[in-house]
Amino acid sequence: MLRILFVDDEPNILQATRRATRDMRGEWDMHFVPGGEEALALMAVDRFDVVVSDMRMPGMDGAELLTAVRINSPGTARIILSGFAEEEAVFRSTRVAHQFLSKPCDVDVLKKTISEIRAAQQAVPSERIRDLVGSIDQLPVLGDVYQRLVAAMESERATNEDLADIISEDIALTAELVRLVNSAFFGLPRRVESVSQAVGYLGIDVVRAVVVGYSVYTSNRSSMIDVDVVRRRSQQVAALARRSHSTLYGRSSAESADVFLAGMLHEVGVLVLSMVHGVDPIDLKGVLGSNDVTTERLTVGADRYAVGGYLLGLWGFSPDVVEAVASLGRPLEPTTHSSSMSWALGLARHALDQDLVPADDSPDESAADELIQELDRALRQDPALVATERP
């Protein structure tokens, strides 16, 4: 049974939450306390899977509480609720919380969020991985532009122009998006010159994936890895995975945007590993120089794709995206990559790692499609063709 601790200094809010979640008592073991000190005292003698805390509380606020939870119980998922627009406090909370929800929070949104976290925990039951992701002192961040973009998308009145205006406020992101969209991987009929055109050609879901990938990688600079190299490689994998999925499973598939998102974020586990205290830079360099995840399991105790998949689950991304990323830690075989998304993603990463498709100057669309189909047939017939080391 999922054990959840709700923390809020307003008794009426706690009581309302208790009533609204009464139907979940068969699945959730819930406890309610009026402040951070009481929460930590309870957690000192009991284990919880999820903590849901109000942000603004007297004495210890939500950000301080979740920081203490990270230190004392790193495997516990952390959700913050905030009903006021105090940017500094929100910034502090997003650095330590796995999810940020506005207050008052719709009970169905709260239930959905907790259910998604539970699914992520069940998909990656390793306590080592849960503690690893939960223990780092600064999580990779879904940036401000992404958060505002999602909020605008949830508004039924938002137009493509409105969304483009939000993205365009970040000049570097705008340049990155236009550069990527005009790469040969997308095969657009004419050059795109603006974010508005990119949204119109690609659709907001694909553009959002570009935004989230950019915000996650650029907001987490690590001296242990070259973040720019990881980001660019992720963009290449994402674009080729999207094309592979369209070629093999149909261009109108609704999964196209999700497979692109999975590609953009498939190396997010590297960011997590680079922030783990005690990881030797030499060990991490060895991890990044090999496709054999045995290396990283031996050096850091978990492979980066399981770590990344778990973090994406905590962030609330779809189970299909989580599974596609996590599957990269398994051999590229039809039995281990049974979904179309995970197969297309694995195929794209293999093709780029083995230099079967030039990263910066991809072939024309028909040639790329033919190469993808040939590689798909070859790997389905003989999965042993997948090399474990990059050339």
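The values are calculated or read from the model by the stated rules, or taken from the named source; none is laboratory data. Predicted model only: the values in this text are computed from it and were never measured. Virtual Cβ from ideal backbone geometry, glycine too; neighbours counted across all protein chains shown. Ligands, DNA and RNA are stripped out before the accessible areas are found, and what is left, the full protein with its side chains, is counted by its heavy atoms. Shrake-Rupley method; radii C 1.70, N 1.55, O 1.52, S 1.80 Å.
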Legend entry - Test result for VAL195, crowded, with 19+ Cβ neighbours inside 10 Å and either within 18 Å of GLN235 (Cβ to Cβ) or at pLDDT below 70 (or both): yes
Inset, instruction - Among the residues of the range 9-24, write down those that are touching a strand residue (DSSP E or B) at 6+ places or on another chain (Cβ under 8 Å) and open to solvent by less than 70 Å² (accessible area, probe 1.4 Å). - result: ASP9, ILE13, LEU14, THR17, THR21, MET24
Inset, instruction - Mind listing just one residue for me: the one in the range 314-340 that is out of contact with any His (no Cβ under 7 Å at 6 or more places or on another chain) and open to solvent by less than 30 Å² (accessible area, probe 1.4 Å) and, of those, modelled with the highest pLDDT? - result: ALA324
Inset, instruction - Evaluate the following for ARG78: is it at pLDDT below 95 and open to solvent by 80 Å² or more (accessible area, probe 1.4 Å)? - result: no
Legend entry - Scope the range 25-43; condition assigned to a loop (DSSP other than H, G, I, E, B), open to solvent by 30 Å² or more (accessible area, probe 1.4 Å) and more than 19 Å from ALA77 (Cβ to Cβ); matching residues: ARG25, GLY26, PRO34
Legend entry - Residue among PHE48, PHE6 that is in a loop (DSSP other than H, G, I, E, B), buried (at least 19 other Cβ atoms within 10 Å of the Cβ) and without any contact (Cβ under 8 Å) to a residue 60 or more places away in the chain: PHE48
Inset, instruction - Only residues in the range 167-183 that are at pLDDT below 70 count as the first member; pair them with residues that are assigned to a helix (DSSP H, G or I) and buried (at least 16 other Cβ atoms within 10 Å of the Cβ), Cβ under 9 angstrom, at least 6 apart or cross-chain, and list the lot. - result: ALA172/TYR214; ALA172/THR218; SER183/GLN235; SER183/GLN236; SER183/ALA239
Inset, instruction - For residues that are of a type outside the set (Val, Ile, Thr), closer than 19 Å to SER234 by Cα and at pLDDT 70 or above, scanning just the range 350-371, find the one that is most open to solvent (accessible area, probe 1.4 Å). - result: ASP355
Inset, instruction - Scan TYR201, TYR249, TYR214 and give me the residue that is at pLDDT 65 or above, buried (at least 19 other Cβ atoms within 10 Å of the Cβ) and hydroxyl-bearing (Ser, Thr, Tyr). - result: TYR214
